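Visitor: Questions regarding the structure given below will be posed in turn.
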Amino acid sequence: MTSLSHVKLGTYYVVNLPRPDDFAFWREKARALIQCDVPPDRVAWVEPGGSGDLFSSGDTRLPAPPADAPEVRASKRFLGIAKNAALHSDPTRFAVLYRLLWRQQSNPRIMEDKTDDDVRRVEEWDKNVRRDSHKMHAFVRFRQVEDEKGGEHYVAWFEPDHHIVRANAGFFRRRFANMQWSILTPRGTLHWDGETMREGPPAKKEDAPTGDPVEDLWRKYYASIFNPARLKVGAMLSE
C-alpha cells in the first residue's frame, strides 16, 4: 500500500456508528480508511451505547481518500458473510471485519483459509445471525388486539440474540401485508399500518399484551409508540 502524507503516523481514528446494524455505513467508512492506508490497530469502531469514552483522544475527523487511491479488494464471499456478521451482538465485530478487509488487500484469497482465526469468527457470527433470523421467522406469534380506534391490530413479542430486527422487516411486511401489526423487541420495534413501515424504541416484555388484549398497559404503550416525536417514519432500510 502507498503511505499517504496526510495520515499522520500514530493517529488514532474513532468511527461512531449511527446504528448497531448499519453495515452500509461501516462499509463506506472502512473502504475510505483502507484507501487512506489506516491499519486496523489505529481505528476504533464504536456503536451506539458503546464505550466511546475509552477512545475520547481519537480523531473522529476521518481522512479523505486521494483521487488516485487504489480500489479496495473485497471478495463476494466476504461481503455476503460480513453483511450478516455485522448484525451479531459481539462488540468486536466491526473491528474484526475491518481487520479482515485490510488483510484481503495483500491476500485476496484469505476467505478460503478455514484455519484463519478471523475467517472462522466471522463465519461463526454469520451462522449465529442466520439462526437467529430463522427463529424470528418461525417463532414470532401475533396476538390480535383492539387499537385505540376500535380496529384490529396484531402484536408480537420477540427477544432476538442479535441486531436482526430491521434486517427482517421485509420478510414480515411481505408475509403479513394485509394486516396492521407490531413486533416488539428489546432491540427496537417495528410497526406496519398496511402502507408504511415504522421503527419505534426498544420495548419491554410487559409492554406486549397478555390476557385481555385491550388492557390499559397495552393502550398506553400503543399510544406512546405512535407518537410522531418518538418515531423514525419512512420506509425501512434495504432487506
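The values are calculated or read from the model by the stated rules, or taken from the named source; none is laboratory data. A quick note: this is a predicted structure, and the numbers were derived from the prediction, not measured. Cβ sites come from the backbone with ideal geometry, for glycine too, and all protein chains shown count toward neighbours. Note: accessible area is taken over every heavy atom of the protein model, side chains too, but ligands, DNA and RNA are not part of it. Shrake-Rupley method; radii C 1.70, N 1.55, O 1.52, S 1.80 Å.
Visitor: Kindly indicate the residue of the range 77-116 that is open to solvent by 50 Å² or more (accessible area, probe 1.4 Å) and hydroxyl-bearing (S, T, Y) and also nearest to A32 (Cα to Cα) among those meeting that condition. Spell out the reasoning first.
Guide: Quick first cut of the range 77-116, residues open to solvent by 50 Å² or more (accessible area, probe 1.4 Å) only: 77, 83, 91-92, 99, 102-103, 106-109, 112-115.
Going one step further and asking which of them are hydroxyl-bearing (S, T, Y), we end up with 92, 106, 115.
On the way: T92: 20, S106: 17, T115: 28 Å.
That would be S106.
Visitor: Would you check if A229 is in a loop (DSSP other than H, G, I, E, B), at pLDDT below 70 and of a type in the set (A, V, I, L, M)? Let's see the steps before the verdict.
Guide: Details: in a loop (DSSP other than H, G, I, E, B): no; at pLDDT below 70: yes; of a type in the set (A, V, I, L, M): yes.
Taking the combined requirement at face value, the residue does not satisfy it.
Visitor: Please state which of the following conditions F171 fails to meet, knowing it meets all the rest: (1) of a type in the set (A, V, I, L, M, F, W, C); (2) over 26 Å from S89 (Cβ atoms); (3) modelled with pLDDT of 90 or more.
Guide: Single failed check for F171: (2).
The rows are residues; the columns are (1) without any contact (Cβ under 8 Å) to a residue 12 or more places away in the chain; (2) under 21 Å from the mean Cα position of the chain (by Cα).
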| position | (1), (2) |
| --- | --- |
| D113 | yes, no |
| D116 | yes, no |
| R121 | no, yes |
| V129 | no, yes |
| D132 | no, yes |
| M136 | no, yes |
| R141 | no, no |
| Q144 | no, no |
| E148 | no, no |
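Visitor: Which residue, of H162, H137, H153, is in contact with an Asp or Glu (Cβ under 6 Å, 6 or more places away or on another chain) and farther than 16 Å from S89 by Cα?
Guide: From the options H162, H137, H153, the qualifying one is H153.
Visitor: Which numbered condition in (1) assigned to a helix (DSSP H, G or I); (2) open to solvent by less than 80 Å² (accessible area, probe 1.4 Å); (3) modelled with pLDDT under 95 is the only one that L54 fails?
Guide: (2)
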